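K.L.:
One structure coming up, written as structure tokens, with questions to follow.
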Amino acid sequence: MKRLTTLAILVLSVAACNFSTSPPSEWQQPTVVPEEQQTPASTQPSATLAAPAHPAILLTVDATSGGGTIHPLLGVNAGPLPIIRSPDHADLTEQYHTIGVTMIRTNDLGGPLDMATMYPDQNADPHDPASYDFAASDEVFRAILAGGFEPYLRLGDSWNVRGLTQRAPTNPENWVRAAVEVVRHYDEISRQAGVPLRYVEIWNEPNFKQFWDATPGEFYDLFAKTAAALKAEFPHLMVGGPGLASSSGSLTPEGEQYTQRFLDYLQQHNTPLDFLSWHVYASDAQTYVQLAALYRGQLDAHGYTGAESHITEWNTAMQGEDETDAVRNTARGASLMTAAWIGLQEADVAVSTFYRGNETGQHGNMGLFYADGRAKPMALAFSLWAEMAAHPLRLSVTPTGSDDPNRLWVLAGQDEDGEVALLIANPDDTPTSWEVSFVGNAADNATLLLHQVSDASGEIQTFTLEAPRAEIGAYTVQLVILGW
């Protein structure tokens with residue numbers, strides 16, 4: 001069985017960490033343990049896990065035929081540089097490598113890579129290099145490239161922009177031209193660094209007043225003109241957007257109408273659209289599947305059948321307990337979002353950037369990591385997603401059993417060597433048990449390892465399975481590796 005390199009180095013500084021809901025009062029430099037110095041507990045099974053006598057859910061995996069491709073949905077918003085430059089805010093380059101981050105969306109970086117920062121005076125000549133200030137933005141962008149992460153360039157402004165009193169451009173014609181010059185600047189830097197820019201996203205949540213304070217029609221016009229200008233100058237880039245917001249984890253009739261009218265306008269004006277990006281903050285994985293299907297249907301209905309679907313912000317619901325530390329900083333949040341990640345694999349989503357990688361301050365709870373660089377359970381779960389994505393040939397899974405078979409969210413895949421992986425999420429407050437049966441292979445002859453994220457430990461637990469069956473606790477994520 002091949003070695004799980006992603007999981008093997010997931011020691012960081014979590015071994016002595018109990019994942020409390022607030023950061024420690026005394027900061028220590030986070031470390032990554034070199035592979036040759038890793039502890040046995042991080043690379044070898046910690047125990048043999050006894051098999052339940054009567055598993056409640058049977059997972060039948062068909063290994064005889066492929067069920068499509070598992071997409072590497074491994075992007076994040078922000079980082080790796082910290083927003084606040086101080087000793088207690090970590091550069092997360094190594095941590096991102098460790099958990100398998102591949103892409104970084106340039107959003108909510110505290111000023112850098114906002115249009116208001118790079119092109120501060122919209123009355124200035126957009127053709128004059130002196131009209132731009134790229135200093136702070138270049139530092140952040142180059143750090144993304146230096147880490148080997150693919151940049152996902154968002155054109156627009158972040159949640160908080162100092163001194164910005166109007167969200168919609170005051171000089172739309174100049175703004176469009178400036179957008180072209182900004183993309184030219186970063187396309188060139190990316191090519192020089194050997195990490196080509198691929199995606200350019202126009203705007204962020206225009207259907208939310210925090211980001212757009214003019215009429216919808218004025219936004220449609222700005223988007224269409226910007227997209228046309230960018231595609232004319234950079235036909236090799238994929239241009240899209242606009243990061244549509246959903247309300248309370250669902251698309252309201254108003255939101256659905258906005259999407260339809262936006263695409264109506266683009267269709268009527270023959271606007272090129274390589275992808276449609278959208279956001280959702282919800283804790284029910286089914287919501288992700290439903291919204292993705294709705295957006296896919298809207299694209300297809302407007303003739304954009306070749307346009308990709310991108311989810312460029314997502315996390316647990318922005319209401320009630322689901323937006324608190326008790327969910328986002330624990331295995332409960334990790335299990336909810338793993339179920340959502342599995343749902344996205346079912347929904348023809350090509351790109352995902354989770355919100356977010358780092359924290360904006362010491363007491364944030366939306367990041368995969370605390371401000372000082374310590375991994376949260378969500379980051380540990382992300383590393384399991386990365387290992388799952390390394391088994392890209394998707395296999396069909398049919399759940400049956402005495403328990404509700406749909407309680408678990410399950411994804412199965414196979415790599416080129418025939419090794420099979422199952423990602424299993426229990427986003428429920430009740431434990432259950434499962435057994436794997438194979439069509440076309442005998443699971444009883446396999447070597448089985450189980451990697452687990454739960455609140456029982458501050459790091460990934462690894463177990464040897466006596467048989468292809470196990471208990472799964474409440475709010476728990478498991479990755480099962482089967483080799484023959």
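K.L.:
Hey, got the dipole for the stretch 118-213? About the Cα centre, +1 on K and R Cβ, -1 on D and E Cβ, debye to the nearest 20? Before the final figure, lay out each step's value.
P.N.:
On the way: 9 positive and 15 negative charges, 54 e Å.
With only Lys, Arg, Asp and Glu charged at Cβ, the dipole is about 260 debye.
K.L.:
When every alpha-carbon pair in the stretch 94-168 is counted, what percent end up more than 19 Å apart?
P.N.:
Tail of P(r) above 19 Å: 42 percent of Cα pairs.
K.L.:
Now for a separate question. With helices defined as uninterrupted DSSP H runs, which ones in the chain have an alpha carbon span along their own long axis of at least 20 Å and mean Kyte-Doolittle hydropathy of at least -0.5?
P.N.:
The answer, listed by residue number, is 216-233, 285-301, 331-345.
K.L.:
May I pose another question? So what's the back-of-envelope 222 nm ellipticity for the chain, counting only DSSP H runs of four-plus at -39500 (n - 2.57) apiece and dividing by all residues, rounded to 500? Could you put the intermediate results ahead of the total?
P.N.:
Values: 12 runs with 136 residues, N = 484.
Mean residue ellipticity at 222 nm (helix-derived): -8500 deg cm²/dmol.
K.L.:
Rounded to whole Å, give me the distance from the Cα center of the stretch 436-484 to that of the stretch 235-295.
P.N.:
Using only Cα atoms, the two centres lie 36 Å from each other.
K.L.:
Now for a different question. Average projected area of the Cα convex hull of the stretch 71-389, in nm²? If you can, show how the numbers build up before the last one.
P.N.:
Numbers: hull surface 59.6 nm².
For the stretch 71-389, the mean projected area of the Cα convex hull comes to 14.9 nm².
K.L.:
If r is the Cβ-Cβ distance from residue 456 to residue 300 and R0 is 45 Å, what FRET efficiency results, to the nearest 0.05? Working shown, then result.
P.N.:
Working: r = 44 Å, r/R0 = 0.99.
That gives a FRET efficiency of 0.50.
K.L.:
Give the residue from 99, 244, 118 lying farthest towards the positive end of the charge dipole for the stretch 71-389; charges sit on Cβ (+1 for Lys and Arg, -1 for Asp and Glu) and the dipole is referred to the Cα centre.
P.N.:
Looking along the dipole axis, the top candidate is 99.
K.L.:
Additional query: Using modelled backbone amide H atoms (1.01 Å from N, in-plane), which distant-in-sequence or interchain residues come within less than 5 Å of residue 401's amide H?
P.N.:
Amide H neighbours of residue 401, under 5 Å, 5+ apart: 58.
We did not get these values from a lab; they are worked out from the coordinates using the rules stated. Since the model is a prediction, treat every value here as computed from it, not as a measurement. Glycine also receives a Cβ, built like all others from the backbone with ideal geometry; neighbour counts cover every protein chain displayed.
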